[in-house]
């Protein structure tokens, strides 16, 4: 069935293609074909590869959908884990599904969910950001591939998901912060920065020639209104949090964060708690090695975003290890 | 410096008009010299509006990053713009967070590029900048002192003076500077030059700031005044013997 070549003319593209009813699923003939085609018979999904009739991609949806792997399988990014089958509504970020979802954005969120855990908490005197940086190769130098970046003196961004996409967001955030200060003479407020980053991420969900960012970011900053924590997801939504987590272990991390009394925690205690959470949610079986990256912005660091000083980092790691062993011993 | 501006008329090509630049609010001399622990820099805190001594509490020496000090004479608004460029530079450097930071030699080189390129566009930043600092190098702690002016001329020396200091302070520095002066000796020498400038430069005021930079960091001391002596007999009755019409 896949090899049937159906003649496609410009006119045919403008009418619902009922002759192909056998091969398309029932709903797909309602596809707005006009918007999906380039008017010359080639479908959007056929970027660069003129598949006659554009039949194959749609077919792929229908047939492979039945081979969908377990929805909750982690680390199987290579297989088409289409738990909720887009069935042709997931080909472009400019397409809504009949039940009002934009599948491309949801798939982008899956990329975030498959990455190492990222945790951010707002303590009473500042913010602590922590990343479970999964080490893919023993050859990698410690401290390379930073996942937490400074965006201005007073704020930092921790990235979960595709690292290269994250770097683009960080770069944009840096330039927004710099241009705000250039124009207004004052450092950008964290809320304003979060808004701008969210707008930028959202921008890439509006055009068919761009793909959404495959990363979520946690933005922590300390300005005139005190310490603030924002999380921006691939869809472009940004909310203010007192505790946020992204990545593989986010559910477990969120549960742990909820147990903490954040309004009474200082950042010094906070870094130990974050280390414990990350060590706790790390799955020893699935991912072997990881590096803990911790940063903070607090009164102690002079309200500047910086890596947690080495001695405190070692203390936090030691405490986290001890807590883990205690748990294992029980 | 201080000479009348010319040039900056219609550009040859491109149709872009460039402005003739005259400095409006200007600072006078800056003096700097290397001493045992680092670099010492001093200037007065005045900025003139033409011949009026308009602003009397202006800081013309600022710290740049961890390793350098910059002092400027000339148009003060251009100095503020240069400080903004340097702030952007040091911020992006700081955000890399890789243990590296810009040293005085690098900043001097950057400023030279900026000044020279602006001059070539007939849109100069009307300043003489003094850049001093200490940074660890392959041979240990290396002191650095250099200058760059509005046309992009730049050099490195053991002692620097800008503006009127070129004529009044440099001869003193050449005679009395020596390697490895202590901080007290360096301050004495600097104050000697500042006093001469105070007496002889009409745009200087009696309020000075001294700054130093060492491996520990930079310190800009609060402003203070020098004692002056006006008890010369010729000053007591200046009009005596003057030929007048009434």
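The values are calculated or read from the model by the stated rules, or taken from the named source; none is laboratory data. Keep in mind that what you see is a predicted model, and the values were worked out from it rather than measured. All Cβ positions, glycine included, derive from the backbone under ideal geometry; neighbour counts span all protein chains shown.
Here's a check for you: in region A:151-164, which residue that is out of contact with any helix residue (DSSP H, G or I) (no Cβ under 8 Å at 6 or more places or on another chain) and either away from chain B (no Cβ under 14 Å) or within 15 Å of residue A:238 (Cβ to Cβ) (or both) is surrounded by the fewest Cβ atoms within 10 Å (Cβ to Cβ)? If you could, list the steps in order and put the result at the bottom.
Residues of region A:151-164 out of contact with any helix residue (DSSP H, G or I) (no Cβ under 8 Å at 6 or more places or on another chain): A:156, A:158, A:163-164.
So of that shortlist, the ones also either away from chain B (no Cβ under 14 Å) or within 15 Å of residue A:238 (Cβ to Cβ) (or both) come out as A:158, A:163-164.
On the way: A:158: 27, A:163: 15, A:164: 11.
Once the filter is applied, the top-ranked residue is A:164.
Any residue in region A:247-270 that is crowded, with 22+ Cβ neighbours inside 10 Å, touching a residue at least 60 places away in the same chain (Cβ under 8 Å), in the same structural domain as residue A:140 (by TED's automatic domain parsing) and more than 21 Å from the chain's Cα centre (by Cα)?
yes
Give the residue, chosen from A:224, A:146, that is out of contact with any helix residue (DSSP H, G or I) (no Cβ under 8 Å at 6 or more places or on another chain) and within 14 Å of chain B (Cβ to nearest Cβ).
On the way: A:224 fails: within 14 Å of chain B (Cβ to nearest Cβ).
Step by step, each of A:224, A:146 is checked, and only A:146 is out of contact with any helix residue (DSSP H, G or I) (no Cβ under 8 Å at 6 or more places or on another chain) and within 14 Å of chain B (Cβ to nearest Cβ).
Name the one entry in A:114, A:145 that is surrounded by fewer than 21 Cβ atoms within 10 Å (Cβ to Cβ), under 15 Å from the mean Cα position of the chain (by Cα) and either closer than 14 Å to residue B:96 by Cα or in the same structural domain as residue A:250 (by TED's automatic domain parsing) (or both).
Going through A:114, A:145 in turn, just one is surrounded by fewer than 21 Cβ atoms within 10 Å (Cβ to Cβ), under 15 Å from the mean Cα position of the chain (by Cα) and either closer than 14 Å to residue B:96 by Cα or in the same structural domain as residue A:250 (by TED's automatic domain parsing) (or both): A:114.
Could you list all residues from region B:171-190 that are within 25 Å of residue B:48 (Cβ to Cβ) and surrounded by 17 or more Cβ atoms within 10 Å (Cβ to Cβ)? Walk me through it before giving the result.
Let us first name the residues in region B:171-190 that are within 25 Å of residue B:48 (Cβ to Cβ), namely B:171-173, B:190.
If the condition is that a residue be within 25 Å of residue B:48 (Cβ to Cβ) and surrounded by 17 or more Cβ atoms within 10 Å (Cβ to Cβ), then B:172, B:173, B:190 are the ones that fit.
Check residue B:166 against each of (1) over 14 Å from the mean Cα position of the chain (by Cα); (2) surrounded by fewer than 18 Cβ atoms within 10 Å (Cβ to Cβ); (3) more than 26 Å from residue B:66 (Cα to Cα) and name the one condition it does not meet.
Of the numbered conditions (1) over 14 Å from the mean Cα position of the chain (by Cα); (2) surrounded by fewer than 18 Cβ atoms within 10 Å (Cβ to Cβ); (3) more than 26 Å from residue B:66 (Cα to Cα), the odd one out for residue B:166 is (1).
Test each condition in (1) closer than 29 Å to residue A:94 by Cβ; (2) away from every other protein chain (no Cβ under 14 Å) for residue A:139 and report the one that comes out false.
Residue A:139 satisfies every listed condition except (1).
Given the condition away from every other protein chain (no Cβ under 14 Å), touching a strand residue (DSSP E or B) at 6+ places or on another chain (Cβ under 8 Å) and farther than 24 Å from residue B:33 by Cβ, answer yes or no: does some residue in region B:132-144 qualify?
Taking region B:132-144 first, the residues away from every other protein chain (no Cβ under 14 Å) are B:132-144.
When the remaining residues are screened for being touching a strand residue (DSSP E or B) at 6+ places or on another chain (Cβ under 8 Å), the result is B:132-136, B:141-144.
Filter once more, keeping what is farther than 24 Å from residue B:33 by Cβ: none.
The answer is no, given that none of the residues of region B:132-144 is away from every other protein chain (no Cβ under 14 Å), touching a strand residue (DSSP E or B) at 6+ places or on another chain (Cβ under 8 Å) and farther than 24 Å from residue B:33 by Cβ.
Look at region A:309-330 and say how many of its residues are in a helix (DSSP H, G or I) and over 20 Å from residue A:128 (Cα atoms). Give the steps one after another, and end with the answer.
Keep residues of region A:309-330 that are in a helix (DSSP H, G or I), which gives A:310-329.
Remaining after also requiring over 20 Å from residue A:128 (Cα atoms): A:322, A:324-329.
Total meeting the criteria: 7.
Does any residue of region A:201-220 turn out to be under 26 Å from residue A:107 (Cα atoms), assigned to a loop (DSSP other than H, G, I, E, B) and in contact with a strand residue (DSSP E or B) (Cβ under 6 Å, 6 or more places away or on another chain)?
Going through region A:201-220, the residues under 26 Å from residue A:107 (Cα atoms) turn out to be A:201-220.
Retained after the next criterion (residues that are assigned to a loop (DSSP other than H, G, I, E, B)): A:204-214.
Now narrow it down to the ones that are in contact with a strand residue (DSSP E or B) (Cβ under 6 Å, 6 or more places away or on another chain): A:214.
Looking through region A:201-220, at least one residue is under 26 Å from residue A:107 (Cα atoms), assigned to a loop (DSSP other than H, G, I, E, B) and in contact with a strand residue (DSSP E or B) (Cβ under 6 Å, 6 or more places away or on another chain).
Tally time: how many residues in region B:212-237 are part of a loop (DSSP other than H, G, I, E, B) and either exposed (fewer than 12 other Cβ atoms within 10 Å of the Cβ) or more than 23 Å from the chain's Cα centre (by Cα) (or both)?
To start, the set of residues in region B:212-237 that are part of a loop (DSSP other than H, G, I, E, B) comprises B:215-216, B:221-223, B:225-232, B:237.
Still in the running and either exposed (fewer than 12 other Cβ atoms within 10 Å of the Cβ) or more than 23 Å from the chain's Cα centre (by Cα) (or both): B:216, B:222, B:225, B:227-232, B:237.
Number of matching residues: 10.
In this structure, is residue A:326 within 30 Å of residue A:223 (Cα to Cα), surrounded by fewer than 17 Cβ atoms within 10 Å (Cβ to Cβ) and more than 14 Å from every other protein chain (Cβ to nearest Cβ)?
On the way: within 30 Å of residue A:223 (Cα to Cα): no; surrounded by fewer than 17 Cβ atoms within 10 Å (Cβ to Cβ): yes; more than 14 Å from every other protein chain (Cβ to nearest Cβ): yes.
Criteria not met by residue A:326.
Taking residue A:175 as meeting all but one of (1) within 14 Å of chain B (Cβ to nearest Cβ); (2) in a helix (DSSP H, G or I); (3) closer than 24 Å to residue A:270 by Cβ, write down the number of the exception.
Status for residue A:175: all satisfied but (3).
Within region A:184-193, can one find any residue that is farther than 25 Å from residue A:108 by Cβ, surrounded by 17 or more Cβ atoms within 10 Å (Cβ to Cβ) and either within 14 Å of chain B (Cβ to nearest Cβ) or in contact with a helix residue (DSSP H, G or I) (Cβ under 8 Å, 6 or more places away or on another chain) (or both)?
The answer is yes, given that some residue of region A:184-193 is farther than 25 Å from residue A:108 by Cβ, surrounded by 17 or more Cβ atoms within 10 Å (Cβ to Cβ) and either within 14 Å of chain B (Cβ to nearest Cβ) or in contact with a helix residue (DSSP H, G or I) (Cβ under 8 Å, 6 or more places away or on another chain) (or both).
I need the full set of residues from region B:70-98 which are within 13 Å of chain A (Cβ to nearest Cβ), surrounded by 14 or more Cβ atoms within 10 Å (Cβ to Cβ) and outside any helix (DSSP H, G or I), in order please.
B:97
Can you tell me which residues in region A:230-242 are assigned to a strand (DSSP E or B) and buried (at least 24 other Cβ atoms within 10 Å of the Cβ)?
If we filter region A:230-242 for residues that are assigned to a strand (DSSP E or B), which is where we start, we get A:230-232, A:238-241.
Of everything in region A:230-242, those that are assigned to a strand (DSSP E or B) and buried (at least 24 other Cβ atoms within 10 Å of the Cβ) turn out to be A:230, A:231, A:232.
Return yes or no: is residue A:180 within 14 Å of chain B (Cβ to nearest Cβ), at pLDDT 95 or above, more than 20 Å from residue A:114 (Cα to Cα) and part of a helix (DSSP H, G or I)? Give the steps one after another, and end with the answer.
Working: within 14 Å of chain B (Cβ to nearest Cβ): yes; at pLDDT 95 or above: yes; more than 20 Å from residue A:114 (Cα to Cα): yes; part of a helix (DSSP H, G or I): yes.
So residue A:180 passes the test.
Just the residues that are surrounded by fewer than 23 Cβ atoms within 10 Å (Cβ to Cβ) and at positive phi, please, taken from region B:112-163.
Passing the criteria: B:122, B:140, B:152.
Just give me the residues in region A:281-308 being in contact with a strand residue (DSSP E or B) (Cβ under 6 Å, 6 or more places away or on another chain), away from every other protein chain (no Cβ under 14 Å) and either surrounded by fewer than 16 Cβ atoms within 10 Å (Cβ to Cβ) or in a strand (DSSP E or B) (or both), in sequence order.
Across region A:281-308, the qualifying residues are A:290, A:291, A:298.
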